[in-house]
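Engineer: One structure coming up, written as structure tokens, with questions to follow.
The values are calculated or read from the model by the stated rules, or taken from the named source; none is laboratory data. The structure displayed is predicted, hence computed values, not measured ones. Glycine gets a Cβ as well: all are built from the backbone with ideal geometry, and neighbour counts include every protein chain shown. Calculation scope for accessible area: heavy atoms of the full protein, side chains included, ligands and nucleic acids excluded. Shrake-Rupley method; radii C 1.70, N 1.55, O 1.52, S 1.80 Å.
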Amino acid sequence: MKIIGNGFIAKNFSKIKLNKDIILFASGVSNSKCKSKNEYKRELNKARYIFCKYPKSKFIYFSSCSILDK
């Protein structure tokens with residue numbers, strides 16, 4: 001398993017041994033109040049790059065959107 005990211009989710013999944021053909025994409029814009037389109041484009045480009053680099057792997061994307069938070 002290849003893990004992309006270094007936050008809470010990525011760190012906890014690094015303790016688990018899974019199939020080598022899995023890409024766990026747990027990266028993202030950490031500041032949920034971020035309004036910069038460039039930050040989101042950077043993450044989208046990173047996801048596209050990894051997805052294309054490992055076309056035969058299962059791609060698991062972790063995301064969150066807290067729509068109820070102020």
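Engineer: By how many degrees, between 0 and 90 and to the nearest 10, does the Cα long axis of helix 37-53 differ from the longest principal axis of the chain?
Structural biologist: For 37-53 against the chain, the angle is about 10 degrees.
Engineer: Please give, to one decimal in nm, the separation of the simple spin-label points placed at K53 and S30, each 7 Å out from Cα toward the Cβ.
Structural biologist: 2.0 nm
Engineer: Sticking with this one: Mind checking which lysines have their C-alpha under 17 Å from K33, skipping anything on the same chain fewer than 8 residues away?
Structural biologist: In chain and number order, the partners are K41, K70.
Engineer: Let me ask something else. Under the rule of -39500 (n - 2.57) per DSSP H run of 4 or more residues, summed and divided by the residues of the chain, what mean residue ellipticity at 222 nm is obtained, to the nearest 500 deg cm²/dmol?
Structural biologist: -10000 deg cm²/dmol
Engineer: Let me ask something else about it. Per the 1.4 Å probe, what fraction of the accessible area of the chain, in percent, lies on carbon and sulfur atoms?
Structural biologist: Of all accessible area on the chain, carbon and sulfur atoms account for 56 percent.
Engineer: So if the hydrodynamic radius of the range 8-65 is defined as the Kirkwood radius over C-alpha pairs, what does Stokes-Einstein give as its diffusion coefficient at 20 °C and 1.002 mPa s, in µm² per second?
Structural biologist: Result for D is 170 µm²/s.
Engineer: Report the extension gain between E43 and I60 in nm, rounded to one decimal, defined as 0.36 nm multiplied by the number of residues separating them, less their alpha carbon distance.
Structural biologist: Full extension of this stretch gives 4.7 nm more.
Engineer: Another one. Name the lysines eligible as straight-distance cross-link partners of K15: C-alpha to C-alpha under 16 Å, and not fewer than 8 places from it in the same chain.
Structural biologist: Reachable lysines: K2.
Engineer: Using label points projected 7 Å from each Cα along Cα→Cβ, tell me how many nm separate L18 and K2, to one decimal.
Structural biologist: According to this spin-label approximation, the distance is 1.4 nm.
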